[in-house]
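Working notes for the structure below.
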Amino acid sequence: MSLTMNSRSHALKVVPATTGFNEPFPFMRPSLPELSHVFAEYQPAYRNGVLTNAGLVCRLEAAVAERLSVKHCVAVSSCTSGLMMVLRALGLEGEVILPSFTFFATGHSVLWNGLKPVFADCDPHTWNINPAEVERKITADTSAILAVHMYGNPCDVAELEAIARRHNLKLVFDAAHAFGTHYRGVPTGSFGDAEVFSLSPTKLLVAGEGGLVTTNDAKLAAAVRAMRNYGDVGAYNPKWLGLNARMTEFNAAMALAGLPLVKAKVQRRSQIAQMYTEKLSHIPGIRFQKVDPGDTHTYKDYSVLVVPEIVGLTRDLLAESLRTENIETKKYFYPPLHQQHLYSIFHEFGATDLAQTEHVANNVLSLPIYESLPDETICIIADTFERIVRLARARKAS
Ligand SMILES: *Cc1c(COP(=O)(O)O)cnc(C)c1O
């Protein structure tokens, strides 16, 4: 972690801060439970030869349902398959309103069901879907709202639930980032008709691969339970057009061993986020995701908004400059869905229709955040970030 000298200052107008790292370090590294704990859970299943969708999956489902105070939890192969099955089990038709500022798996679940995605703009401060924009996009063909707790910052759940009730729409949350999130003190998992979590390695609760569908609707839970197993309910005559979207016992063992770690992960990530925010808030033109003080954010990701006119350099140039210092960043989530090839044909509205989405997606920069990052690394990242901006401004003035 000593000074770096780089010879790239000629290229791309990269700003050489020379205070970064000598070696690259990973942008993301999952903190996993002890392998011995995973094996201890898994060994009986392996010995019995019962390898998928059995006792460990049941235990995981029961533990999660209790923890999230929700009646039903159905473990599945991924958040994507969970969303696909939930939308199908709800019998949706026509249009689904969703954010464009999200990961593409959210939209894929809509397309896989032959439904039409209708994008609603995000809130400029929370970066979550804006309920007023959702309401504005409702037509006679709308059947559901699919909202995302962005980075683990809970949506305006009360307002979305009120809109869904008022217009008789289904409401589903893509809670991929939100295992550990609390909205007004209540854990996510019981809101809307269903919520779907991801257990893939970049998320807080890691199963290797996996997803969790949570709902208080017994019929919906039973349908997803059948659908993850080809749609068969035991009669060898499938009731649903299902998938093989079961969770294996090994994945369930990993998730069970990981459950006790989640609380501390959320705490450490909040600490890191607070450190970043304190340090970067001195830089003019850096904006932060607004979090309601009554809520708990998981910080699956920590992102800032770079307002180029004020900061004096673009998000992309800042990212490139940080990379020169061996600090890797991501642009979660750029480009927004409506600018991606698969989705562009569905975007029939004017260019200003998703103005906030475009502003956020064009300027958002995600910084490394994971539990094992030491405080001093966070300090170096923040200091280097600040120095790059200061040098860029000085260069502009000269
Ligand atoms: C990671 C992610 C998904 C997909 O989760 P998988 O478990 O990998 O299918 C869906 N939505 C969002 C917002 C995500 O970040």
For a quick check: with amide H placed at 1.01 Å from N, whose amide H comes under 5 Å from LYS116's, ignoring anything fewer than 5 positions away on the same chain?
GLY94, GLU95, VAL96
Quick one: Debye curve from the alpha-carbon atoms of the range 69-117 only, equal weights, vacuum; give me log10 I(q)/I(0) at q = 0.20, 0.30, 0.33 Å⁻¹ to two decimals.
-0.70, -1.16, -1.27
Would you mind telling me which residue in GLU371, GLU66, GLU95 has the biggest mean-square fluctuation in a Gaussian network model of the chain, where springs connect alpha carbons within a distance under 10 angstrom?
GLU66
If you add up the charges near GLY94, with Lys and Arg at +1 and Asp and Glu at -1, over every other residue whose beta carbon is less than 9 angstrom from its beta carbon, what do you get?
-2
Hey, if you put +1 on the Cβ of every Lys and Arg and -1 on every Asp and Glu Cβ in the chain, which of ALA394, ALA382, VAL38 ends up farthest toward the positive end of that dipole?
VAL38
Simple label model, 7 Å out from Cα along Cβ direction - HIS125 to ALA218, nm
4.2
For the range 249-264, take each phi angle, set θ = phi - 60°, evaluate the Karplus expression 6.51 cos²θ - 1.76 cosθ + 1.60, and give the result in whole Hz per residue in order, putting x for glycine and proline.
5, 5, 4, 5, 4, 5, 5, 4, 5, x, 3, x, 8, 5, 4, 5
Taking amide H positions as placed 1.01 Å from N in the peptide plane, with prolines and chain starts having none, which residues 5 or more places from THR52, or on another chain, fall under 5 Å of its amide H?
GLU249
Rounded to the nearest 0.05, what FRET efficiency do MET28 and GLU278 give with R0 = 25 Å and r taken as the Cβ-Cβ distance? Could you check?
0.65
What does the C-alpha gyration tensor say about the overall shape of the range 262-397? Classify as rounded when a/c is under 1.5, otherwise prolate if a/b is larger than b/c, or oblate.
oblate
For ILE380, solvent-accessible area (1.4 Å; no DNA, RNA or ligand), Å²
40
Using a 1.4 Å probe on heavy atoms of the protein chains only, the accessible area for CYS58 in Å², nearest 10, reads 80
Please give the charge dipole size of the range 262-397, origin at the Cα centre, charges +1 on K and R Cβ atoms and -1 on D and E Cβ atoms. Round to the nearest 20 debye.
260
How large is the translational diffusion coefficient of the chain in µm² per second when you combine the Kirkwood radius over alpha carbon pairs with Stokes-Einstein at 37 °C and 0.692 mPa s?
149
Using a/c under 1.5 as the rounded threshold, could you call the range 1-157 rounded, prolate or oblate? The axes a ≥ b ≥ c are square roots of the C-alpha gyration tensor eigenvalues, and prolate needs a/b larger than b/c, oblate otherwise.
oblate
By how many nm would the segment from PHE288 to SER36 grow when fully extended, if each residue of separation counts as 0.36 nm and the alpha-carbon distance is taken off?
86.8 nm
Quick query: amide H of GLY210 versus all other amide H atoms, modeled in the peptide plane; which residues come in under 5 Å with a sequence gap of 5 or more or a different chain?
CYS79, LEU199, SER200
Quick one: what are the phi-derived ³J(HN,Hα) couplings along the range 192-208, Karplus 6.51/-1.76/1.60 with θ = phi - 60°, whole Hz, x for glycine and proline?
x, 7, 6, 10, 10, 9, 10, 10, 6, x, 8, 9, 6, 9, 10, 10, x
Ratio of Rg to Rh over the range 140-191 (Cα coordinates, Kirkwood Rh, two decimals):
0.99
Solvent-accessible surface ranking, highest first, for SER398, SER69, SER77 at 1.4 angstrom:
SER398, SER69, SER77
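The values are calculated or read from the model by the stated rules, or taken from the named source; none is laboratory data. Since the model is a prediction, treat every value here as computed from it, not as a measurement. Heads up, the Cβs are rebuilt from the backbone with ideal geometry, glycines too, and the neighbour counts pull from every protein chain shown. Surface areas here come from the heavy atoms of the whole protein model, side chains and all, with no ligands, DNA or RNA. Shrake-Rupley method; radii C 1.70, N 1.55, O 1.52, S 1.80 Å.
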